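Report on one structure; see the data block that follows.
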Amino acid sequence: MTSNSNRYSIRLTSCVAISSGSRAPERFEICEMEGLPVPIICSEPVKKILAQIEQLNDNDTQVLITGETGAGKEMFARAVHSMSARRRRPFVPFNCAAVNKELAESHLFGHRRGSFTGAHGDNRGVIRAVEDGTLFLDEIGEMTSDLQPKLLRFLQEGEIHPVGEARPIKVNVRVIAATNRDIAAEAGRGRFRADLFYRLNVFNLHLPPLREDRERIEPLIAYHFDHFRRKANRDDLRLSAEAAEALRRYDWPGNVRELCAEIQRMIVRAQLEKSAVITAKHLSPHIHDGRAPETSPPQLEDKILIDGNQSYAAAKDQLAREMFTRALNRCGGNVLKAAEELGMDRSGLDRAIKRIGIRD
């Protein structure tokens with residue numbers, strides 16, 4: 001045991017995964033605590049983050065966790081919860097980007113039966129289901145603008161107003177939020193409520209991407225390879241020195257999530273080939289080459305072509321129709337995301353869509 005705390009412990013461990021006999025078993029530090037599905041792989045930056053979390057000392061203040069996609073924001077939110085006085089109470093994640101915008105308020109705050117079409121019964125909502133526990137609002141930057149003031153009131157007053165209820169209801173819930181976006185900049189541009197940002201950002205934890213915390217890459221490879229091969233009942237699997245080196249030198253733009261997915265993928269490939277050693281041929285090509293996959297340059301058919309014989313008004317509408325349609329397709333039909341990508345507000349894009357006649 002290398003370090004002890006009242007709420008967590010850091011200890012040395014090792015994994016024998018690399019086939020080369022000239023290399024000693026990989027030894028690294030892991031953080032273990034109650035409530036985490038898997039240990040946190042430590043590095044000096046991670047240990048500083050854990051020390052920051054411990055400094056909260058059961059304080060119920062709001063926490064905003066920032067970092068790139070796949071950096072492990074939910075894991076560290078669970079760590080905040082596990083080191084708090086609420087650790088025996090529920091921890092419930094709510095992804096703000098995954099819920100239909102028309103139903104988001106009902107899902108979060110609840111509703112009374114008959115308060116709108118389809119409300120066939122009472123719904124307590126996620127917040128009341130987390131009473132005395134911790135609500136993790138993932139992708140908070142995706143929350144719709146009409147829902148933001150309701151969340152702000154909940155944070156300020158400790159009360160919610162379910163759809164169809166006559167009066168607000170007091171609740172006791174701690175909130176941790178996370179985002180991969182720069183919502184401070186978006187608040188400055190009016191795309192996110194500044195007062196809500198300040199309320200959420202009382203205590204900030206920033207998770208560095210793996211390319212800036214390369215100390216963690218090799219331990220993550222060793223730990224997750226060991227974990228997934230045992231899960232697949234393949235303790236005999238080994239990682240060749242060439243494959244291990246390719247994994248070590250890659251920058252992992254998708255961070256821990258991408259690393260885990262790649263390791264699972266290469267184990268499946270090795271199993272299909274009945275191979276006992278994973279070599280470079282089992283890796284995704286861009287990882288074997290040591291660079292992120294390149295995007296193809298736009299082809300001629302991807303460009304927006306304007307008919308020079310049409311009027312200026314018609315050409316402008318054609319350009320707008322193409323731009324809006326492509327943005328909506330890229331954003332899966334999410335008008336709010338498309339508006340943000342285009343540098344517009346939601347209501348402006350809604351009006352333009354109706355005027356131009358873009359259909360679902």
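The set of residues in region 48-58 that are under 16 Å from Ser82 (Cα atoms) and either without any contact (Cβ under 8 Å) to a residue 12 or more places away in the chain or touching a Cys at 6+ places or on another chain (Cβ under 9 Å) (or both) comprises Leu50, Ala51, Gln55, Asn57. Out of the residues in region 11-42 that are under 21 Å from the mean Cα position of the chain (by Cα) and in a loop (DSSP other than H, G, I, E, B), which is modelled with the highest pLDDT? The qualifying residue modelled with the highest pLDDT is Cys42. Got at least one residue in region 206-215 being in contact (Cβ under 8 Å) with a residue 12 or more places away in the chain, farther than 15 Å from Gly70 by Cα and of a type in the set (A, V, I, L, M, F, W, C)? No, the conditions are met nowhere in region 206-215.
Of all residues in region 87-99, none are in a helix (DSSP H, G or I) and buried (at least 17 other Cβ atoms within 10 Å of the Cβ).
Among the conditions (1) crowded, with 21+ Cβ neighbours inside 10 Å; (2) closer than 28 Å to Arg346 by Cα, the only one that Val173 does not satisfy is (2).
Summed over region 185-213, the residues that are under 20 Å from the mean Cα position of the chain (by Cα), assigned to a helix (DSSP H, G or I) and surrounded by fewer than 17 Cβ atoms within 10 Å (Cβ to Cβ) give a count of 3.
The values are calculated or read from the model by the stated rules, or taken from the named source; none is laboratory data. The model shown is predicted, which means the values in this text are computed figures rather than measured ones. Here the Cβ is made from the backbone with ideal geometry for all residues, glycine too, and neighbour counts use every protein chain on show.
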